[in-house]
Amino acid sequence: MTIAPAGRGRARERGNASDGTGAVILAACAIWSLISAAGRETGPEGVLLALLAVAAGFSCGRICGTLLPVATATVAAVGALLLGLLSRHGMPDATATVDRAPGHAGAAAALLVLAAGAACCAAAASRQAPLRFSLRLLALGTACAALALRSVAGFAAALGVLLCSLAATRMRQRLPGLAGLALATGLVVGMSWAVAADALPQGLMVSLEGPLTAHRVLLWQDALELAGEHPVLGIGPGRFAELSPTVEQTVHSDGKAHSAPLQQAAEQGVVGVGLLGSAFGWLLYVLWRSPRTTAVVLTAGAGLTALAVLASVGNALSFTPVTAGAGLLAGLASARRPIGDGTAGADGTDGARGPDGGARGPDGTDQARGPDDVHQARGPEGAEGAADRPGDAVRRTRRTDRSTPL
């Protein structure tokens, strides 16, 4: 199958535009952290390291996903699972109490969620039914491992990724699915903000304070109060532990607000929160424009959404393996298909084939072949006829002579 040069050029331009947008957003995050830290006794090294991990993971996922997509995703899933099992001492809700900080609460659960997402992405990209079944069993085993380690949040998130992956195989359009994932993330962030501001009804506040723990709610309230006192620049990256009364009164505290948006608001102001949201939106946009199948895209989106939910109520983004894994998952799901894969779309994108044999466009819809499609390998006469071979005209003349009445 041939691809029109104009279509290939349009696909390359779209990919370059999304990559350029991501580079601008990540650079803006780094620059703003430096501006927020200027003139204060703090350093933005943690923020810069997290941004570097995301960029490195994304680049590695793009490269390896183009060469060996299934193998790379499988290796990433097994590696994240092993890292999660080694971090069993910091599972969510396992060590969190009123007078003691949760510690490394979000690391293990986030790694298990990324492992489930990578396994499901590998299953969605595989063309062999036994391998798909085995990879989904790996994702289910990852969820059970989280439950065995007393992480209800990790179990629910990993199982949700698996269920979303199964549902994604029946979806033809990716935009509604990605919009729903973005809406779910926004609802969780809004809920955490409402809890910190004590804006919910009393009964709902009491019911949420139980699973969240009173200690986490106090941390959120400290972060919101600091954000109100320094709305633009914030208090500076890494200074939440110095200025939070709850952290000072807690034994063995990790110095985190256990909510990425609230800690970002406290340390880098509303601009930092906007940049954090823009980075997540960019990842979803990259998935939307991805040449991969809708199943792979929505599975990766579900994994990143589950990670964002955990980061909204925990300290998942405080660990370099988690941020690198998030970038790796996004890179795998947005990598270009290998040359000669045979699934290039008529618009120049390397889309997957739809159920009717046509190409799947970048928006996830199946593009059926029409009679005027110039890319159909039907011959110069178009989709309805084949090219004349030597002797075809003679055979047609003989059939016409036989059918002509005497």
- request: Inspect all residues belonging to segment 167-180 and state whether any of them is farther than 22 Å from Leu304 by Cβ and either polar (S, T, N, Q) or open to solvent by 30 Å² or more (accessible area, probe 1.4 Å) (or both).
  value: no
- request: Would you mind stating whether Gln128 is without any contact (Cβ under 8 Å) to a residue 60 or more places away in the chain, among the polar types (S, T, N, Q) and at negative phi?
  value: yes
message: Condition first: in contact with a helix residue (DSSP H, G or I) (Cβ under 6 Å, 6 or more places away or on another chain) and of a type in the set (Gly, Ala, Ser). Now tell me which residues in segment 252-272 satisfy that.
response: Ser253, Gly255, Ala257, Ser259, Ala260, Ala265, Ala266, Gly272
- request: Return yes or no: is Glu225 of a type in the set (Asp, Glu), open to solvent by less than 20 Å² (accessible area, probe 1.4 Å), at pLDDT 90 or above and assigned to a helix (DSSP H, G or I)?
  value: no
message: Of everything in segment 117-160, what is of a type outside the set (A, V, I, L, M), surrounded by fewer than 17 Cβ atoms within 10 Å (Cβ to Cβ) and part of a helix (DSSP H, G or I)? Give them in sequence order.
response: Pro130, Phe133, Ser134, Gly141, Cys144
statement: When (1) of a type outside the set (S, T, N, Q); (2) open to solvent by 80 Å² or more (accessible area, probe 1.4 Å); (3) without any contact (Cβ under 8 Å) to a residue 60 or more places away in the chain; (4) outside any loop (DSSP other than H, G, I, E, B) are applied to Asp198, the one that fails is (4)
task: Answer with yes or no whether Ala279 is buried (at least 24 other Cβ atoms within 10 Å of the Cβ) and of a type outside the set (Val, Ile, Thr).
output: no
- prompt: In segment 137-151, what residues are closer than 17 Å to Ala306 by Cα, at pLDDT 90 or above and of a type outside the set (Gly, Ala, Ser)?
  reply: Leu140, Thr142, Cys144
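The values are calculated or read from the model by the stated rules, or taken from the named source; none is laboratory data. Owing to the predicted nature of the structure, the values given are computational and were not obtained by experimental measurement. Using ideal geometry, Cβ is built from the backbone for each residue, glycine included, and neighbour counts are taken over all protein chains shown. Heavy atoms of the whole protein, side chains included, go into the accessibility calculation; ligands, DNA and RNA do not. Shrake-Rupley method; radii C 1.70, N 1.55, O 1.52, S 1.80 Å.
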